[in-house]
Every structure is written in structure tokens, then in C-alpha cells.
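Colleague: The structure is given below, and queries will be raised subsequently.
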Amino acid sequence: QNRRVRSNLQFQLLDLTFHSGDSVSVRVTPSFDHLQTDFRIGGGITLPIGTEYNFTRYNVNVSTASQRKISGSANYSVGTFYSGNRRDISGTVNLRPRRGILATLTTTFNKVDLPQGHFSSKVMRAIINTQLNPFISISNNVQFDSVSRVLGWQSRFRWIVQPGNDIYVVWLNNWQDTGPQLTTLDRSAAVKAVYTYGF
């Protein structure tokens, strides 16, 4: 028997882009899902196999022009979600204090309310990219999420010896937030060389 298992439709109600580069969009996404297996949705909640769900999400996004020294975006999504409701809020701020430096701060908050239970999550991320010259750059990425309670830091150094020949040095650190303090989970370093030979 041929039957619908899953579908997602997206309707763009509004999509405005201004001469300045700023934009606003509004969209509606009706969805259908017939679960083929038990679905562990989060927070220790499992939706049973064979259940059908119709739900609709509403999304609003506002973004400012990326060429500004300070730019960003905000996103708000709300609506039904499987057997309950879900709300998502996220925001991004980009800072360009001078040429060669870009700092990005992002935070995301999700809250899900179902008859079977409730759960939420927060993710915070900071990225700092530094271009020392056209051939040498350093990138730092720090992220924390409230579910795993893991704080991670990745630092990457890139040196373009000549176009096609690169050297990378990557340093990784992960810490577990136990409440009173941070406990080291792991740390590692790696060196990678890329060589391109033309013939």
C-alpha cells in the first residue's frame, strides 16, 4: 500500500529586502509525520511507532546588512509540534572592529511542551576569526549547550605557504560543567599539511 509517510510544505508570506541590505521574512510550514519507528524526541520522551501528527510552524526572521561593522539577525519560530507546542528563539551579532577581524556571537533557545513532558535547551557560541595577512589566519570557536553541559573550544591556525600548499594546526579542548567547576573531558592537537602538485 502506497501511503504518505512525511511531508513538509513551506509558504513564504513575506520576503522584504531593502536597498540597505536589511531584510524581513515571514513563512508558514505545515508538516505531517507518520512515525515508522519509535521516535525519541528529547528529554527522555519517546513517541510511539505508527502515530500520525499534523503540525504547523510560524517563523519570523529579521536580518541587517552584513557589510556594517555591527550586524546581526533574529529569528522567532512558534507553533504546534508533534503532540504539543514548540518555541525557538535565536539571535546572532557580528562585530567587525577593523579589517581582518570578525567576531560572531550566537545564542539559541528551544522550548518544547508535550502532553508527555517538557524540555528545553540553550546553545551559546562565539567565533573569532583573525586574518593576520592574506596568508595567515587564526580561528577560535567556543560553544556551550545546556543539554550535554559541555564547553568546547577549538582553535585553528592556517598558513598558506603558497596557493594550494597549506599548513593547519588545530587545538581542541572540552570541559564538562559539573556545577561547582569545569572538569576536563579531553584535549588534543593535530597538524595537517596540504600539498598540491600540478602536472
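Colleague: Going through segment 19-47 one residue at a time, which ones are outside any strand (DSSP E or B), modelled with pLDDT under 95 and open to solvent by less than 70 Å² (accessible area, probe 1.4 Å)?
Modeller: 20, 21, 35, 43, 44
Colleague: Could you tell me which numbered condition residue 179 fails, if it satisfies all but one of (1) open to solvent by 70 Å² or more (accessible area, probe 1.4 Å); (2) part of a loop (DSSP other than H, G, I, E, B); (3) of a type outside the set (Val, Ile, Thr)?
Modeller: Single failed check for residue 179: (1).
Colleague: Only one of these conditions is not met by residue 16: (1) in a strand (DSSP E or B); (2) touching a residue at least 12 places away in the same chain (Cβ under 8 Å); (3) open to solvent by 60 Å² or more (accessible area, probe 1.4 Å). Which number is it?
Modeller: Unmet for residue 16, out of (1) in a strand (DSSP E or B); (2) touching a residue at least 12 places away in the same chain (Cβ under 8 Å); (3) open to solvent by 60 Å² or more (accessible area, probe 1.4 Å): (2).
Colleague: Let me ask something else. How many residues are under 25 Å from residue 19 (Cβ atoms), under 18 Å from the mean Cα position of the chain (by Cα) and open to solvent by 60 Å² or more (accessible area, probe 1.4 Å) when one looks only at segment 67-90? Explain how you work it out, then say what you get.
Modeller: Our first condition is that a residue be under 25 Å from residue 19 (Cβ atoms); within segment 67-90, this holds for 67-76.
From the residues that got through so far, the ones that are under 18 Å from the mean Cα position of the chain (by Cα) too are 71-76.
Okay, now just the ones that are also open to solvent by 60 Å² or more (accessible area, probe 1.4 Å), so 76.
Residues in segment 67-90 being under 25 Å from residue 19 (Cβ atoms), under 18 Å from the mean Cα position of the chain (by Cα) and open to solvent by 60 Å² or more (accessible area, probe 1.4 Å): 1 in total.
Colleague: Then there's this: Would you mind listing the strands (runs of 3 or more DSSP E) fully within segment 94-166 where at least 3 residues are open to solvent by 80 Å² or more (accessible area, probe 1.4 Å)? Full working, then the answer.
Modeller: On the way: elements: 101-114, 117-133, 136-145, 150-162.
The qualifying strands (runs of 3 or more DSSP E) are 117-133, 150-162.
Colleague: Of the residues in segment 37-64, how many are more than 26 Å from residue 147 (Cα to Cα) and out of contact with any strand residue (DSSP E or B) (no Cβ under 6 Å at 6 or more places or on another chain)?
Modeller: Going residue by residue through segment 37-64, those that are more than 26 Å from residue 147 (Cα to Cα) are 50-52, 54, 62-64.
When the remaining residues are screened for being out of contact with any strand residue (DSSP E or B) (no Cβ under 6 Å at 6 or more places or on another chain), the result is 50-51.
The total comes to 2.
The values are calculated or read from the model by the stated rules, or taken from the named source; none is laboratory data. In this text, all values refer to a predicted model and were calculated from it rather than measured experimentally. Virtual Cβ from ideal backbone geometry, glycine too; neighbours counted across all protein chains shown. Just so you know, the surface numbers come from the protein's heavy atoms only, side chains and all, with ligands and any DNA or RNA stripped out. Shrake-Rupley method; radii C 1.70, N 1.55, O 1.52, S 1.80 Å.
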